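The values are calculated or read from the model by the stated rules, or taken from the named source; none is laboratory data. Since we're looking at a predicted model, the values are computed, not measured. Quick reminder, even Gly has a Cβ in these numbers, built from the backbone with ideal geometry, and neighbours come from all protein chains shown.
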Amino acid sequence: MKHKNQKPEPTTRLRGRPPDTDSGEMQSRLLDTAEALFAEHGFAATPVRQVAEQAGVNSALVHYYFGNKAGLLKAVLDRALAPMAQAIAEMGQEEALDLATIAEAMFGMAASHPALPRLIVREVLLSAGDTNELFIKHYAPRLGGALPGLVENAQRQGRVDASLDPGIVSLMLLSLCMFPFVAQRVAQAQLNIRFDGTGTADFLAHISQLIQRGTQP
């Protein structure tokens, strides 16, 4: 039995572990910050401390949630690319596949994670390091690598011109949906293109028209 004036024992928890109610918010903030910094400065040049400081948390949380910086990068990629890979896999089962639907899914992913296309260009397309190997092994086969099969399905369904090369069409889809966010700063300043909600909706409408008119039988 406790005495009336006895102080309650403090609740103990692992060092660096946040209250459970803050866990999801803190992880999202760390992932958002890491995504932007990795895209801007590169994975190797961005220390964990910088990510934590800009996210407004203790650097111990990065290790608690993600293990290390490589784990943080994988979490950044998984957050956006794993749902996209799942969506592409599900599209492969559709009996009436429209290329505009594929473009809408890819563009929507990029619009939700606008720094990610720049991160992929910097760390994958222009680099031969660990990020390149991670992307090629775990993501590319289920993303861009799966697109030619979707195009071929649409061709068999009579929805896409059978004379078009599925690989070239796939690369064009990727370019239309990803490159706008790589060129966002120049596009905003020199072409007066908006990247807010209304601007991205207009952009997607243009992409859909180009695809539908340029690939129909």
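Taking segment 78-98 on its own, how many of its residues are under 9 Å from the mean Cα position of the chain (by Cα) and closer than 18 Å to P166 by Cβ?
Looking only at that region, the number is 0.
Could you tell me which residue of segment 156-170 is nearest to M106 (Cα to Cα), considering only residues that are modelled with pLDDT of 95 or more and part of a helix (DSSP H, G or I)?
Selected residue: S170.
Whether any residue in segment 177-188 is more than 21 Å from E35 (Cβ to Cβ), without any contact (Cβ under 8 Å) to a residue 40 or more places away in the chain, in a helix (DSSP H, G or I) and not hydrophobic (A, V, I, L, M, F, W, C) is what I want to check.
no
Go through A128, A146, A110 for me and flag whichever is touching a helix residue (DSSP H, G or I) at 6+ places or on another chain (Cβ under 7 Å), surrounded by fewer than 20 Cβ atoms within 10 Å (Cβ to Cβ) and of a type in the set (G, A, S).
A146
Which helices (runs of 4 or more DSSP H) sit wholly inside segment 92-150 and have at least 3 residues that are at negative phi and free of Cβ contacts under 8 Å to residues at least 60 places away in the same chain?
By residue number, 99-112, 130-138.
Of (1) at pLDDT below 95; (2) over 20 Å from L81 (Cβ atoms); (3) out of contact with any Phe, Trp or Tyr (no Cβ under 8 Å at 6 or more places or on another chain), I193 satisfies all except one. Which?
Only one criterion is unmet by I193, namely (3).
Looking at segment 66-86, is at least one residue part of a loop (DSSP other than H, G, I, E, B), polar (S, T, N, Q) and over 30 Å from P148 (Cα atoms)?
Yes.
Touching a Leu at 6+ places or on another chain (Cβ under 9 Å) and not aromatic (F, W, Y): is that true of R142 in this structure?
Yes.
Kindly indicate the residue of segment 99-131 that is modelled with pLDDT of 90 or more and more than 17 Å from F179 (Cα to Cα) and also nearest to the chain's Cα centre (by Cα) among those meeting that condition.
T101
Across segment 132-145, what is the total count of residues that are hydroxyl-bearing (S, T, Y) and at pLDDT below 90?
Going through segment 132-145 one residue at a time, the tally reaches 0.
Going residue by residue through segment 171-183, is there one that turns out to be more than 20 Å from R122 (Cβ to Cβ), surrounded by fewer than 19 Cβ atoms within 10 Å (Cβ to Cβ) and not hydrophobic (A, V, I, L, M, F, W, C)?
Checking segment 171-183: not a single residue is more than 20 Å from R122 (Cβ to Cβ), surrounded by fewer than 19 Cβ atoms within 10 Å (Cβ to Cβ) and not hydrophobic (A, V, I, L, M, F, W, C).
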